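**Student:** What follows is a single structure, and I will ask about it in a moment.
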């Protein structure tokens, strides 16, 4: 994210702000920025007296203000970091008074995860008006995470194939901290310069390169009945690692994209990749599926997936094993 890079670059240049209010749904960047400030603003000799880490569940706004108003000892500034500040959400607006006239020698950092300030209220306006920073860390969409993985690995001297990146996203979801942890595991065992493949993912993370939602989607699109049933059996035998609700959601998204594709007049691969927001590497899968599933069938499948989404959550199918439900659903999708 460019705004993260700009923020970090400014901190590196000692262009420091009195308040950093880090908020939003994606905790990864909040932690990264907060950790960077914690590790780099003060040197080791200064940290003992001038760096304090507080936790929202243990302090009040008055405690935070009291610490922020202290003067640094034998240093130009002090750093006060409040982790889990979202635990103070009911009283957070009381910080507006301090934000009107923040202590210039204090760098106050608030990690306000999974929540956002109301931009109409005093605290947001006061922080931004008086030289502070309000940074919103937004959750990435599913289709943005593979490119994020590519970018992170490229910056660290690694490459990754589109299929391998997609496997990670489909197995781990959009939690960037979780994805980053798995990338770190790969970097421990693979030398710099490695192009990470599905085989590397299977060997080191435990995601099957042949039996996963990505391969199921491809087999369904191709109407490869044998492959679909092989994967369905594997999922039924390993339900913990392959929850049906995830499979249904992925197929629902796939057929929704096919519906959009059927409505397009320009089916040039580049136009399709742009419109569906998918990597060009996967466009042929969508074009193949569109040939195999006319628009009317796609609409029927979307309705069918809605029905099985409800059943997979236990409504109207309490006694039916998830594996049996999955097989029934796929029979009807392919039919």
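Nothing in this text is a laboratory measurement; each read-out follows from the coordinates by a stated rule. Computed from a predicted model, the values in this text were never measured in an experiment.
**Student:** In degrees from 0 to 90, rounded to the nearest 10, what is the angle of the helix 162-172 Cα long axis to the longest principal axis of the chain?
**Tutor:** Between the helix axis and the principal axis of the chain, the angle is about 70 degrees.
**Student:** Could you tell me which of rounded, prolate or oblate describes the range 1-69, using a ≥ b ≥ c as the square roots of the eigenvalues of the alpha-carbon gyration tensor, with rounded for a/c under 1.5 and, failing that, prolate when a/b is larger than b/c and oblate otherwise?
**Tutor:** Oblate, because a/c is 1.5 or more while a/b does not exceed b/c.
**Student:** Please give the Cα centre distance for the range 268-333 versus the range 1-37, rounded to the nearest Å.
**Tutor:** The two parts, judged by their Cα centres, are 40 Å apart.
**Student:** Report, in degrees rounded to the nearest 10, the 0 to 90 angle that the Cα long axis of helix 2-12 makes with the longest principal axis of the chain.
**Tutor:** Relative to the chain, helix 2-12 is tipped by roughly 30 degrees.
**Student:** Report, in degrees rounded to the nearest 10, the 0 to 90 angle that the Cα long axis of helix 244-262 makes with the longest principal axis of the chain.
**Tutor:** Taking Cα atoms only, the helix is inclined about 80 degrees.
**Student:** Further question: Which of 27, 319, 85 moves the most in a Gaussian network model of the chain with Cα springs under 10 Å?
**Tutor:** Top of the fluctuation ranking is 319.
**Student:** Select from 118, 142, 31 the residue whose mean-square fluctuation is largest in a Gaussian network model of the chain (Cα-Cα springs shorter than 10 Å).
**Tutor:** Checking each option, the largest mean-square fluctuation is seen for 118.
**Student:** Could I ask something else about it? So how many Å³ per residue does the convex hull of the Cα atoms of the chain work out to? Mind dumping the intermediate values first?
**Tutor:** Numbers: hull volume 61.2 nm³, N = 335.
Cα-based convex hull of the chain, divided per residue, equals 183 Å³.
**Student:** Next up: Going by the alpha-carbon gyration tensor, a ≥ b ≥ c the square roots of its eigenvalues, is the range 2-136 rounded (a/c under 1.5) or, if a/c is not under 1.5, prolate (a/b greater than b/c) versus oblate?
**Tutor:** rounded
**Student:** Still on this model: Relative contact order for the range 213-334: what is it in percent, counting Cα pairs under 8 Å that are at least 6 residues apart?
**Tutor:** Relative contact order here is 38 percent.
**Student:** Springs between alpha-carbon pairs under 10 angstrom, Gaussian network model over the chain: which of 111, 40, 213 fluctuates most?
**Tutor:** Fluctuation is largest for 40.
**Student:** To the nearest Å, what is the center-to-center distance of the range 129-149 and the range 205-249, using C-alpha atoms only?
**Tutor:** If you average the Cα positions of each part, the centres end up 31 Å apart.
**Student:** Right, next: What percent does the relative contact order of the range 2-136 come to when contacts are Cα pairs within less than 8 Å and at least six residues apart?
**Tutor:** 37
**Student:** Under 8 Å for C-alpha pairs, at least 6 residues apart: give me the relative contact order for the chain, rounded to a whole percent.
**Tutor:** 15 percent.
**Student:** Is the shape of the range 142-205 rounded, prolate or oblate, going by the alpha carbon gyration tensor and its root eigenvalues a ≥ b ≥ c, with a/c under 1.5 for rounded and a/b larger than b/c for prolate?
**Tutor:** rounded
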